[in-house]
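Asker: The structure that follows is given in the form of structure tokens.
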Amino acid sequence: MWDYSDKVKDHFFNPKNAGAVVDANAIGEVGSISCGDALRLTLKVNDQTEVIEEAGFQTFGCGSAIASSSVLTELIKGMTIDEALKVTNQDIAAELDGLPPEKMHCSVMGREALQAAVANYRGEEWADDHEEGALICKCFAIDAVMIEEMVWANKLRTVEDVTNYTKAGGGCAACHEDIEAILEKVLKERGENFDPNAKPATKPEPLVAAAKGPMTNLQRIKKIEEVLTSLRPALMADGGDVELVEVIGNTAYVNMTGACNGCQMAAMTIAGIQQRLMEVLGEFIKVVPASEMSKLVNIEGAGHA
């Protein structure tokens, strides 16, 4: 299991400023649910002083994404927008007493959402269309400019480092050569040599030891049911519940029922379930509302028509 600080756990279980700000005049949206993480940051900025008076977030993602979003809103409240723009992803991680290396991209997402919100407030276009640099990672839509910036700012040295901070290269791996070329270029500018066999700048914590050999789908379903059973009392205490509908590959489809059905915090609840499942199973698993499964079936059916 990843080694989370007490602050990460606190902001995950007791998120600050969750939900949208009423009468927000600055909105920043980054990420994509299809890629696993998405963040919508809403701000209420005083037009006379440009001080951020209120900040709220809506996140779809893991526990680290929720914690990073929560602490970001706490950091920037009371700042002017110019002061807030100086907040870096390292500041977000430091305020949480650190994040596991493979979760650093969550702090980067928070910084980008802030930049997008400020651009929205100022009536500017936020550069998220890859016009500045070539698209490197098609799986997660990460361009060369972002990778270079993260390599410089965080002193990254390996492809694994880049994946931890940006998610680039974490999918099909087809972009690894392009990432290595960027690393070689930036390291040369820093007066260093790129070593493809170098150890990551930060060593990730190991996952919980998985059962010997790969799990069968039946074993996976049983484990998922056990986790949902352990989480059910907390959900039922709030008038909600969750039921497993189907497991296809590494995706678990669930129905949120009772008070959890349609709740504004449903995405965060699902993210928490997903995080817990990954910790227990020791492997990546995505938790998706069952309604998305019907959409997938319709799309596939149309394709065969």
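Asker: In the range 47-81, what residues are within 23 Å of the chain's Cα centre (by Cα), part of a strand (DSSP E or B) and within 13 Å of ALA117 (Cβ to Cβ)?
Answerer: Within the range 47-81, GLU54, ALA55, GLY56, PHE57, GLN58 qualify.
Asker: Oh, and also: Kindly list the number of the only condition in (1) closer than 30 Å to VAL280 by Cα; (2) out of contact with any His (no Cβ under 9 Å at 6 or more places or on another chain); (3) of a type outside the set (Lys, Arg) that fails for ILE66.
Answerer: With (1) closer than 30 Å to VAL280 by Cα; (2) out of contact with any His (no Cβ under 9 Å at 6 or more places or on another chain); (3) of a type outside the set (Lys, Arg) applied to ILE66, the lone miss is (2).
Asker: While we're looking at this one, here's another question. Is there any pair with a first residue in the range 81-99 that is on the phi > 0 side of the Ramachandran plot and a second that is hydroxyl-bearing (Ser, Thr, Tyr) whose Cβ atoms are under 6 Å apart and which are 6 or more apart or on different chains, and what are they?
Answerer: Pairs that qualify, where the first residue is on the phi > 0 side of the Ramachandran plot and the partner is hydroxyl-bearing (Ser, Thr, Tyr), are ASP97/SER5; GLY98/SER5.
Asker: If we scan the range 107-117, do we find a residue that is in contact with a Leu (Cβ under 8 Å, 6 or more places away or on another chain), within 18 Å of ASP10 (Cα to Cα) and in contact (Cβ under 8 Å) with a residue 12 or more places away in the chain?
Answerer: Yes, that holds for at least one residue.
Asker: Return yes when LEU218 is exposed (fewer than 15 other Cβ atoms within 10 Å of the Cβ), aliphatic (A, V, I, L, M) and modelled with pLDDT of 75 or more and no when it is not.
Answerer: So LEU218 fits the description; yes.
Asker: What number of residues within the range 104-134 satisfy the criterion of being at pLDDT 90 or above, of a type outside the set (S, T, N, Q) and closer than 23 Å to LYS155 by Cα?
Answerer: 2
Asker: Please pick out the residue among LYS16, LYS44 that is of a type outside the set (A, V, I, L, M), outside any strand (DSSP E or B) and not assigned by TED's automatic domain parsing to the domain that holds ILE147.
Answerer: Step by step, each of LYS16, LYS44 is checked, and only LYS16 is of a type outside the set (A, V, I, L, M), outside any strand (DSSP E or B) and not assigned by TED's automatic domain parsing to the domain that holds ILE147.
Asker: Across the range 85-101, what is the total count of residues that are aliphatic (A, V, I, L, M), closer than 15 Å to ALA65 by Cβ and assigned to a helix (DSSP H, G or I)?
Answerer: Total meeting the criteria: 2.
Asker: VAL87 - would you say it is touching a Lys or Arg at 6+ places or on another chain (Cβ under 9 Å), closer than 22 Å to ASP143 by Cα and among the hydrophobic types (A, V, I, L, M, F, W, C)?
Answerer: Yes; evaluated as a whole, the condition is true for this residue.
The values are calculated or read from the model by the stated rules, or taken from the named source; none is laboratory data. These figures come from a predicted structure and were not determined experimentally. As a convention, Cβ positions derive from the backbone with ideal geometry for all residues, glycine included, and neighbour counts pool all protein chains shown.
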